[in-house]
Amino acid sequence: MKRFLLCLCITALFAESVMAHPHVWVDSQYRVTVNQANVAHLEATWELDLFTSTSLVAEYDLNGDGEFTGQEKLDMIEVLQSFDQYGYFIKLKLDGADLVPKGVHVDDVRIRDQMLWVRLGIELPAAVNLETSTLSMAFGDDELYFAMEPLEEGLVWLTGALSETCTPMEREATETSVAVWVDLTCRS
């Protein structure tokens with residue numbers, strides 16, 4: 001009986017650790033256009049891993065032409081909108097306090113080099129003045145099913161007239177589900 005209980009405990013621990021690892025890897029990045037100090041909109045891009053991409057392309061690229069067009073694109077966007085229930089894995093903070101986007105929408109989905117590429121539009125609840133505040137950005141799946149990893153060039157890509165005056169600073173994440181945080185300010 002003791003041996004059975006010991007085996008049951010080990011099996012339960014093993015099963016829990018198996019369930020707590022990612023099954024889908026996503027290269028992710030925020031894109032911020034800074035033409036003025038106040039930012040009210042962000043973009044995010046995802047590139048899903050080859051295995052997941054191949055499965056989704058096979059299911060939704062019905063004519064097999066290597067791109068989503070017409071109804072294929074609409075159907076793929078509808079599938080991606082199911083991530084709304086998880087907040088699209090977006091993690092934002094304003095001066096250290098959690099910031100929930102006003103809205104997130106799937107702007108585009110494409111196939112690039114056999115990988116599924118997604119562009120999200122993120123509306124902030126109010127414009128953030130980057131000269132006086134710090135906007136912190138990360139991605140993370142609290143259920144650990146998706147591994148949201150930053151692109152090699154970094155988690156944040158800046159463009160716009162003021163992009164050279166802004167400073168994105170990476171910092172280590174304390175949350176298990178987050179790879180890295182980036183704090184963005186545009187203080188002169």
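In the chain, the longest principal axis of the Cα atoms and the axis of helix 50-60 are about 90 degrees apart.
With each label modelled as a point 7 angstrom along the Cα→C-beta vector, the Thr174-Leu74 pair spans 4.7 nm. Residues of the chain were split at every exposed loop site, defined as GluC sites (Glu not before Pro) in a DSSP loop with at most 16 other C-beta atoms within 10 angstrom, and the longest piece left, sites excluded, is 1-66. Angle, helix 2-19 long axis vs. longest principal axis of the chain, Cα atoms, 0 to 90°, nearest 10? Tilt of helix 2-19: around 30 degrees.
When the solvent-accessible area of segment 41-166 is split by element, carbon and sulfur atoms take up 49 percent of it, the probe being 1.4 Å. Annotation: per residue accessible area for the chain equals 58 Å², rounded to a whole number [probe 1.4 Å, protein chains only]. In percent, rounded to a whole number, the relative contact order of the chain is 28, using alpha-carbon pairs under 8 Å and six or more apart.
Note that segment 60-165 shows a convex hull volume over its alpha carbon atoms of 148 Å³ per residue. Taking the helices alone, the chain has a mean residue ellipticity at 222 nm of -7000 deg cm²/dmol, built from -39,500 (n - 2.57) per DSSP H run of at least 4 residues and averaged over all its residues. Summarising the label geometry, the points placed 7 Å from Cα in the beta-carbon direction at Gln81 and Leu62 lie 1.7 nm from one another. Around the amide H of Gly160, modelled in the peptide plane, lie the amide H atoms of Val34, all under 5 Å away and 5 or more residues distant in sequence or on another chain. Taking only the C-alpha atoms of the chain, the Rg (one decimal) and the largest Cα-Cα distance, Dmax (whole number), read 19.4, 71 Å. For Lys102, a cut-off of 17 angstrom between C-alpha atoms picks up these aspartates and glutamates, skipping any fewer than 8 places away in its own chain: Glu43, Asp84, Glu123.
The values are calculated or read from the model by the stated rules, or taken from the named source; none is laboratory data. Bear in mind that the values here come from a model prediction, so they are computed numbers and not experimental data. For neighbour counting, all protein chains shown are included, and Cβ atoms are generated from backbone atoms with ideal geometry for every residue, glycine included. Just the protein is used for accessible areas: all its heavy atoms, side chains included, with ligands, DNA and RNA removed. Shrake-Rupley method; radii C 1.70, N 1.55, O 1.52, S 1.80 Å.
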